[in-house]
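Comments concern the structure below.
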Amino acid sequence: MGNKKNKHIGWIRTIALIIPYFFIVGVFQLIGYWFAGIKFLEPETVKTISQHTIVSFFSLVGTLFIIWVFIKFWDKEEFVNLGFQTKNRLKEFLVGLGLGALVMILGYFLFIALNQIQYISTDFNSIDILLSAALFLFVAVAEEVLL
């Protein structure tokens, strides 16, 4: 009989997280839009890499906040138990970084071979590269925390 009671706890737990997640992260994204100077009601507004990075940062903060609330009040655990320990994990980090770079490089050359993208010129802007790296980092951390 105990099995039947716990049968749906995973779904209840998921719904208990997802519904507030969309609301809270949406509010944080709106704050990010405001900080980035993006007019939310004008979808044609061109968003720069810095604007995307600001909104992603606020999305990450919202995700961390809702996960913190969920872990503290639902699971009654400490946030540090989420798994951010880095001690003795340099090899795993480097392998993950290398595999990620390999997948991106292979995808790029595959798209070139299939004529899906075309190389025209290089516009090297170190600030945009750093902002892009920060953007990818914010998105990756938010995904990992949520999953």
If you roll a 1.4 angstrom probe over the protein chains with everything in place, what fraction of the accessible area of the chain belongs to carbon and sulfur, to the nearest %?
69 percent
From the phi of every residue in the stretch 33-41, what ³J(HN,Hα) in whole Hz does the Karplus formula 6.51 cos²θ - 1.76 cosθ + 1.60 yield, where θ is phi - 60° and glycine or proline is x?
4, 5, 4, 7, x, 9, 7, 4, 7
Per residue value of the accessible surface for the chain (all protein chains in place, 1.4 Å probe), Å²
81 Å²
For the chain, build the charge dipole from Cβ charges (+1 Lys, Arg; -1 Asp, Glu) around the Cα centre, then report which of Ile105, Phe93, Phe57 sits farthest towards its positive end.
Phe93
Where Lys72, Lys47 fall by accessible area, highest first, once all protein chains stay in place (1.4 Å)
Lys72, Lys47
If I ignore ligands, DNA and RNA and count only protein heavy atoms, how much of Ile127 is accessible to a 1.4 Å probe, in Å² to the nearest 10?
100 Å²
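Assuming a ≥ b ≥ c are the square roots of the Cα gyration tensor eigenvalues, decide whether the stretch 18-147 counts as rounded (a/c under 1.5), prolate (otherwise, with a/b larger than b/c) or oblate. Walk me through the numbers on the way to the answer.
Working: a/c = 2.34, a/b = 1.24, b/c = 1.88.
It comes out oblate by the Cα gyration axes.
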Using only Cα atoms, tell me the angle between helix 126-146 and the longest principal axis of the chain; keep it within 0 to 90° and round to the nearest 10.
20 degrees
What whole-number distance in Å separates the alpha-carbon centres of the stretch 43-120 and the stretch 26-41?
20 Å
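What number of lysine-lysine pairs in the chain show an alpha-carbon separation below 25 angstrom, given a sequence spacing of 8 or more or placement on distinct chains? Walk me through the numbers on the way to the answer.
Values: Lys4/Lys76; Lys5/Lys72; Lys5/Lys76; Lys7/Lys72; Lys7/Lys76; Lys39/Lys47; Lys72/Lys87; Lys76/Lys87.
Final tally of qualifying lysine pairs is 8.
The values are calculated or read from the model by the stated rules, or taken from the named source; none is laboratory data. All values derive from a computational prediction rather than experimental measurement. Note: ideal-geometry Cβ built from the backbone for every residue, glycine included; neighbour counts use all protein chains shown. The area values use the complete protein model at the heavy-atom level, side chains included, leaving out ligands, DNA and RNA. Shrake-Rupley method; radii C 1.70, N 1.55, O 1.52, S 1.80 Å.
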